[in-house]
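Everything on this sheet refers to the single structure shown next.
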Amino acid sequence: QVRVVESGGGLVQPGGSLRLSCAASGSIRIINYMGWYRQAPGKQRELVAAITSGGVINYTDSVKGRFTISRDNAKNMVYLQMSGLKSEDTAVYYCNIRSSSVVLGVMYDSWGQGTQVTVSS
């Protein structure tokens, strides 16, 4: 199994910055996909940003130019640098890791518990 732990959320004023971190551990041979999702109250969970093992990056339109996703393969970590934060960025942010296990043929799709980001003055 794979354990996913997010950190770095908090309260920030509009226009401010935060950096989220996500660490994956466990039965990991290779991480194929690392993504950040968010869910605001009363809304569906949505993709914020994702990066594949091949380095392909995808952002939702509303965060382009403000958020940057990056990964550290050696540490099995993914980061989300958020700047120019807006009130509409307020949500619980979740990390999603899709990986291949050390047991050949076994794949995992794992989620963290989420970290709250609140943008408010």
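Things worth noting here:
- Dipole magnitude for the range 6-92: computed about the Cα centre from +1 point charges on Lys and Arg Cβ and -1 point charges on Asp and Glu Cβ, it is near 100 debye.
- Phi to ³J(HN,Hα) by Karplus 6.51 cos²θ - 1.76 cosθ + 1.60 over the range 82-91, Hz, x for Gly, Pro: 10, 9, x, 5, 10, 4, 6, 7, 4, 4
- Looking at the chain, the accessible area is 52 square angstrom per residue; that uses a 1.4 Å probe and ignores ligands, DNA and RNA.
- Residues Q116 and N73, FRET efficiency given R0 of 35 Å [Cβ-Cβ distance, rounded to 0.05]: 0.80
- Expressed as a whole percent, the accessible area of the range 45-121 that falls on carbon and sulfur atoms is 50 (1.4 Å probe).
- Each label was represented as a point 7 Å from its Cα along the Cα-to-Cβ direction; for R66 and L47 these points are 2.0 nm apart.
- Whichever lysines have a C-alpha closer than 18 Å to that of K43, once near sequence neighbours (fewer than 8 apart) are set aside: K86
- Between S7 and Q81, the contour length at 0.36 nm per residue exceeds the alpha carbon distance by 25.4 nm.
- Calculated FRET efficiency for the pair D109/A40, C-beta based, R₀ 30 Å, to 0.05: 0.85
- A DSSP coil position with no more than 14 other Cβ atoms inside 10 Å describes the following trypsin sites (Lys or Arg not before Pro) in the range 26-121: R29, K43, K64, K86.
- Cα-based convex hull volume of the chain per residue, rounded to whole Å³: 94 Å³
The values are calculated or read from the model by the stated rules, or taken from the named source; none is laboratory data. In this text the structure is predicted, and so the values were computed from the model without any measurement. For neighbour counting, all protein chains shown are included, and Cβ atoms are generated from backbone atoms with ideal geometry for every residue, glycine included. Just the protein is used for accessible areas: all its heavy atoms, side chains included, with ligands, DNA and RNA removed. Shrake-Rupley method; radii C 1.70, N 1.55, O 1.52, S 1.80 Å.
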